[in-house]
Every structure is written in C-alpha cells, then in structure tokens.
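Novice: Below you'll find the structure I mean.
The values are calculated or read from the model by the stated rules, or taken from the named source; none is laboratory data. Because the structure is a prediction, the values reported are computed rather than measured. Here the Cβ positions follow ideal geometry from the backbone for every residue, glycine too, while neighbour counts run over all protein chains shown. Accessible surface areas use protein heavy atoms only, side chains included; no ligands, DNA or RNA. Shrake-Rupley method; radii C 1.70, N 1.55, O 1.52, S 1.80 Å.
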Number of protein chains: 2
Amino acid sequence: MSPRKSAAEARRTRERIVGRSVAIASVDGLEGLTLGRLAGDLEMSKAGVLGHFGTKEALQLAALTEATAIYTRLVWEPAADLPAGLVRLRAVCEHWVDYLETARDAFPGGCLFTTASVEFDAKRGPLHDAVRRLQLRWRRVLLADLTTAVTKGELPADTDPEQLCFELVGLYLGLNQSIQLFGDARAAARARRALDRLLPPA
Amino acid sequence: MSPRKSAAEARRTRERIVGRSVAIASVDGLEGLTLGRLAGDLEMSKAGVLGHFGTKEALQLAALTEATAIYTRLVWEPAADLPAGLVRLRAVCEHWVDYLETARDAFPGGCLFTTASVEFDAKRGPLHDAVRRLQLRWRRVLLADLTTAVTKGELPADTDPEQLCFELVGLYLGLNQSIQLFGDARAAARARRALDRLLPPA
DNA sequence: CCTACCGATCGGTAGG
DNA sequence: CCTACCGATCGGTAGG
C-alpha cells in the first residue's frame, strides 16, 4: 500500500501520466489510450491513474493540452519576438518542419494534432471540439501573419492569404505522412523547398 | 436458426459486411471496427460476421481492399484511357478532388486511405504494410504521369517530379482535413486553384 | 449463419 | 495511490 503523497509529488505523478499518454496517443491515437496500459507502463494501479483525471475523456483532453504546450514551445515561442509578417511566418514554418523532423521523443508516432485531427474529424463530442478548436487557432495564427505580410508588401498584393494558408497546411500534412509512413529522410528538404516557393524571401 | 445459404447469398452477405465496415472505418478507423457493432448494424450474430473472414484483421484488410476498389473506380478508371502525361494527370487530380467532395456515401468519415494512413503509420503489422503499399502504389502512379509530362515537354524541363508529387499529396491531405474537420465548402475550389498552379494547362 | 460459451480487457466505483 | 470489485464488451471457438 502506497501512502497518499504530497501535492508536489501528486503533480509529478500527473505529469508522468500525461507525458506517457502523449507518447502512446502519438502512436495509437487518443482512442488507443487505455488505463490498463498506462498503469502497466507506469507501474501503478488503474485507479491510481484514473484518480488524477476522473474519466478517460479528461485524460485524453489533458494529453491534447500537453501536446499543445510542446508544440507552442517548439514552434511558436522561438519566433514570437520576430516582426509580424513574412519574417515571423517563415521562422514559424521552419520550426514547424524541424518539429516534425525531430520531436520524436515526445511524439514517437508523429504529430499528435495530425493524428487526433484525423481520428476525431468525423466523430462528435468534446474531443472533436477540442481538436477542431486547436487546429482553427493554429490556422488563424498563420493567417494573421500572412495578412500582415501582404499589407506590408512582403507578399504580392494579389496574394489570397486563405489560399496560401490552405497550401501551407497541406504541406505540413504531407510532410508528416512522408516522415511517419515512409520514413523519407528527404521529405523535410522537399517541404523547405516548397516553402521557399510559397513564401519567397522578401 | 438461419439455414446455411447458397454461395451467391453468402457472397452478398460478405459484401454487406465489407460495405458496412468501410463506412464504419471511415468514421472510427479500422481499429474502431468491432464485430459486435457490425453484428448489431447488420442484424446478425458476431460469429456469423466473423465466419466470412476468420479474424478481425482479415476483415480490416478486406475493408481496405474494398476502399481501394471504390477509389480506383472513381478516380483512376475514368481517366485510364486518356493520353499519359499532363492530360491524364490533371484528369486524375480533378477526379480526386471530386471524390473527396462527393464520395461521402461510401466514406461518411472521409477518405479511408487517409484515415488508415495516419492510424497505422507508426504501428507495425500487416495493416501497416498494406496501407503503406497502397499509398506507395498511388504515389508511383502520379509519379509516372509526372515524369511522362516532363519528357513530353508538357511541364518545364527543370521540374522535379518527386517534388511535385510531394506537393500534390499534401494538397490532397489538406483538402481532406478542410472538408472533414471544418466542413469547408470552399476547400475544393482552393484545391483546384492550387492544382492549376502546380499543373499549368499545356 | 446460429446459440452458447471462453478468458481477457475495458472504463469506472467503493472504500480505505 | 492501493485492493477488490462491477457490468459491459472485446475477439474468438465449439458445435450444430
């Protein structure tokens, strides 16, 4: 019998659970998460795992939140202080490619947002809503810098920001597939080449 | 107790099972298929369902095979008699967009290949291998017409067919996301516009 | 293609 | 955070 732990220890345990959940969900999807597997991996009881979240759905949402934090830290924050518009946009997109290439510690099965987006795109419920909201937020961030870049004259005046945003997202999804399904080491270079064409340096 | 049926009836039953499986997998993934749910939907016993395939994995592979047949019929065959190169390539890509827009009867949750590709990209086993092989075949078909188009002078001589193929696949994945996750009715027009840029009419 | 069953595992609860 | 459960469901088998 393990005694009740301090609040700090409980927080650490929670972080361990969430981290492991992100890794599992990256490979098997958020629906592939099970309390039994988590308990086994972390050498705790199922009830011990569940106690931190209450329901499996809350655990899945926590994993999605953690994935967002990782993504923000690796992709967005390093570019946050750059000037709005093309400069920041290009930096974000480059971090994006790096992230897909290298974030395999946290996401051994690839970007959790991409996995979750496909997994829940046709299902209703809180997870669908959360995934949709996160993807929408991300598209809006891209769109804002795209619009600024056009306003500033960094992109041609006849550029359609929504069209370009659509194409950037496609690039990202294609890169994720090339890396994950085919292990294609040249894919990142192709994505960068396509970026150079879509977002020509001013 | 239902008596044993004739071979023709058995075949029809098998087709019903596979068709329903494709629709379910389109929404919930091939791992979301369960014998119990299929049995309920089709008003048969679980053993009756399983008897046609032997194992759940064989049923999943059968669903993937059927999805391939639908895809081939809608996207590839209508363009098969066109001249190789840019003309056929453009026709295939246009069918491709139409398919994502309209094939929601067979695939209520969107393209099963895209779903399955993300679902199994990081898992090992026969389903991973089958998904990978099908995606590879499809990329090779695109690549062949791209190469022919360059040889014929229908695309600029400095075109990199693999680069263009990579970008076309990304377009497709982005379109699937826009339709499925966001229900964006303008996405198909955006995909066509991007196609016009990537594959300019000769 | 059915009934009747198998062991395993699912998410979750009670109580400490 | 644990043990000890719960009913439901999983894939699959035996036998007809």
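Novice: Restricting the search to segment A:142-190, which residues are open to solvent by 40 Å² or more (accessible area, probe 1.4 Å) and either facing chain B (nearest Cβ under 8 Å) or under 27 Å from B:Ala122 (Cβ atoms) (or both)?
Specialist: Matches in segment A:142-190: A:Glu162, A:Gly183, A:Ala185, A:Arg186, A:Ala189.
Novice: Answer yes or no as to whether B:Val97 is under 23 Å from B:Gly183 (Cα atoms) and either modelled with pLDDT of 95 or more or not small (Gly, Ala, Ser) (or both).
Specialist: Yes; evaluated as a whole, the condition is true for this residue.
Novice: If you don't mind, another one. Mind listing whichever residues of segment B:56-82 are open to solvent by less than 70 Å² (accessible area, probe 1.4 Å) and of a type in the set (S, T, N, Q)?
Specialist: Within segment B:56-82, B:Gln60, B:Thr68, B:Thr72 meet the criteria.
Novice: Taking segment B:191-202 as the region of interest, how many residues are within 22 Å of A:Thr114 (Cα to Cα) and facing chain A (nearest Cβ under 7 Å)?
Specialist: 1
Novice: Can I ask one more? Could you tell me whether segment A:115-134 includes any residue that is within 13 Å of chain B (Cβ to nearest Cβ) and over 25 Å from A:Gly19 (Cα atoms)?
Specialist: Yes, there is a match, as at least one residue in segment A:115-134 is within 13 Å of chain B (Cβ to nearest Cβ) and over 25 Å from A:Gly19 (Cα atoms).
Novice: All but one of (1) away from DNA strand D (no atom under 16 Å from the Cβ); (2) away from chain B (no Cβ under 14 Å) hold for A:Val49; which doesn't?
Specialist: The one condition A:Val49 does not meet is (1).
Novice: Within segment A:140-161, track down each residue that is part of a loop (DSSP other than H, G, I, E, B) and touching a residue at least 60 places away in the same chain (Cβ under 8 Å).
Specialist: If the condition is that a residue be part of a loop (DSSP other than H, G, I, E, B) and touching a residue at least 60 places away in the same chain (Cβ under 8 Å), then A:Lys152, A:Glu154, A:Leu155 are the ones that fit.
Let's see how each residue does on (1) within 13 Å of DNA strand C (Cβ to nearest atom); (2) on the phi > 0 side of the Ramachandran plot; (3) free of Cβ contacts under 8 Å to residues at least 12 places away in the same chain; (4) surrounded by fewer than 17 Cβ atoms within 10 Å (Cβ to Cβ):
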position	(1), (2), (3), (4)
B:Ser6	yes, no, yes, yes
B:Ala10	yes, no, no, yes
B:Ile17	yes, no, no, no
B:Ile24	no, no, no, no
B:Gly36	yes, no, yes, yes
B:Ala39	yes, no, yes, no
B:Leu42	yes, no, no, yes
B:Val49	yes, no, no, no
B:Gly54	yes, yes, yes, yes
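Novice: Scan segment B:107-139 residue by residue and report those that are crowded, with 20+ Cβ neighbours inside 10 Å and not in a helix (DSSP H, G or I).
Specialist: B:Phe107, B:Gly109, B:Gly110, B:Cys111, B:Asp121
Novice: Hey, among B:Leu175, B:Leu181, B:Leu164, B:Leu171, which residue is part of a helix (DSSP H, G or I) and over 19 Å from A:Trp138 (Cβ atoms)?
Specialist: Testing whether each residue is part of a helix (DSSP H, G or I) and over 19 Å from A:Trp138 (Cβ atoms) leaves just B:Leu164.
Novice: Please indicate, with yes or no, whether at least one residue in segment A:55-64 is within 12 Å of DNA strand D (Cβ to nearest atom), assigned to a loop (DSSP other than H, G, I, E, B) and out of contact with any Pro (no Cβ under 7 Å at 6 or more places or on another chain).
Specialist: No, there is no match, as no residue in segment A:55-64 is within 12 Å of DNA strand D (Cβ to nearest atom), assigned to a loop (DSSP other than H, G, I, E, B) and out of contact with any Pro (no Cβ under 7 Å at 6 or more places or on another chain).
Novice: Ok, one more. Would you check which residues across segment A:9-34 are more than 10 Å from DNA strand D (Cβ to nearest atom) and more than 14 Å from every other protein chain (Cβ to nearest Cβ) and list them?
Specialist: Matches in segment A:9-34: A:Glu15, A:Val18, A:Gly19, A:Arg20, A:Ser21.
Novice: Right, something else. Condition test on B:Leu82, is it closer than 25 Å to B:Ala149 by Cβ, more than 16 Å from DNA strand D (Cβ to nearest atom) and away from chain A (no Cβ under 14 Å)?
Specialist: yes
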